[in-house]
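Below is one structure; the comments refer to it alone.
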Amino acid sequence: MKMWGWCAVLLATAGASAALAQTAGMGLSKRDANAPIQVSADRFDAEINQKEGTYSGNVLVVQGDFKLRADKVRVNAPSGKPDKIFAYGNVVFTAPSGNAQGDNGVYDVAPRLITLTGRVILTKEKNVMRGSTLTVNLITGLAHLGAGGERVKGLFTPPPQSQQTPKPAPATPPTQVQNTYP
């Protein structure tokens, strides 16, 4: 069962906030959607009549530099191609641009919508954002981090400043005034 969309899905979550991950530099355009996808888990079960497959136990999905870990991943494929992909329990996505984690995640393939729920945490270097629901539209690039009636929280660490003492600007010579009086 192909898991091609899932890695792309959570890649975007790592940069869902422009302030956190500079959405334009998320790496979505650099990702090769045709790269091989490796899936490993303790178990795989298929519901052939329902056209659904479930990977469970230490699930790891890898495509290039992108990794998804979850307790369980279920793929719905009613027409032979995935239409929804669900990740349950301790969902962690790691990409070169940052990390995203939540309790659960859903990738709705046709509209290309990603939703992470639960304790959602986005990290990039020392920057962190927290909420309870993250929705990312991969077509428009728009993302929304909500906190279910609470407040979204962020911690941003500015880059270190240079320790050099700034040199004073060179002094400008005084302007000479010409005496025009007789």
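The values are calculated or read from the model by the stated rules, or taken from the named source; none is laboratory data. What you see is a predicted model; the values in this text were computed from it and never measured. Every residue, glycine among them, receives a Cβ derived from its backbone with ideal geometry; neighbour counts consider all protein chains shown.
Restricting segment 90-110 to residues that are β-branched (Val, Ile, Thr) and surrounded by fewer than 22 Cβ atoms within 10 Å (Cβ to Cβ), which is farthest from the chain's Cα centre (by Cα)?
Step by step, filter segment 90-110, then rank; the result is Val109.
The C-beta contact set for segment 111-132 (first residue touching a residue at least 60 places away in the same chain (Cβ under 8 Å) and of a type in the set (S, T, N, Q), second residue surrounded by 18 or more Cβ atoms within 10 Å (Cβ to Cβ) and not in a strand (DSSP E or B), distance under 6 angstrom, 6+ apart or interchain) comprises Asn127/Leu20.
Restricting segment 145-157 to residues that are charged (D, E, K, R) and assigned to a loop (DSSP other than H, G, I, E, B), the residue that is farthest from Arg130 (Cα to Cα) is Glu150.
Can you find a residue that is of a type outside the set (S, T, N, Q), more than 29 Å from Phe156 (Cβ to Cβ), modelled with pLDDT of 90 or more and in a loop (DSSP other than H, G, I, E, B) anywhere in segment 36-44?
Step one: filter segment 36-44 for residues of a type outside the set (S, T, N, Q), giving 36-37, 39, 41-44.
Narrowing further to those that are more than 29 Å from Phe156 (Cβ to Cβ): 36-37, 39, 41-44.
With modelled with pLDDT of 90 or more added as a condition, the list becomes 41-44.
Narrowing the set further to residues that are in a loop (DSSP other than H, G, I, E, B) leaves 41-42.
Within segment 36-44 (the criterion being of a type outside the set (S, T, N, Q), more than 29 Å from Phe156 (Cβ to Cβ), modelled with pLDDT of 90 or more and in a loop (DSSP other than H, G, I, E, B)), the answer is yes, since at least one residue qualifies.
Residue count for segment 48-63 under the criterion of being small (Gly, Ala, Ser) and either more than 14 Å from Val75 (Cβ to Cβ) or crowded, with 18+ Cβ neighbours inside 10 Å (or both): the result is 2.
The residue list Val152, Val177 contains one member that is modelled with pLDDT under 90 and among the aliphatic types (A, V, I, L, M), which is Val177. Once segment 65-89 is narrowed to residues that are under 18 Å from the mean Cα position of the chain (by Cα) and surrounded by fewer than 17 Cβ atoms within 10 Å (Cβ to Cβ), the residue that is nearest to Asp42 (Cα to Cα) is Gly89. In a residue-by-residue description of segment 91-106, the property of being touching a residue at least 40 places away in the same chain (Cβ under 8 Å) and under 19 Å from Asp45 (Cα atoms) applies to no position. Pick from segment 106-144 the residues that are at positive phi and not in a strand (DSSP E or B): which of them is modelled with the lowest pLDDT? Here the answer is Gly141.
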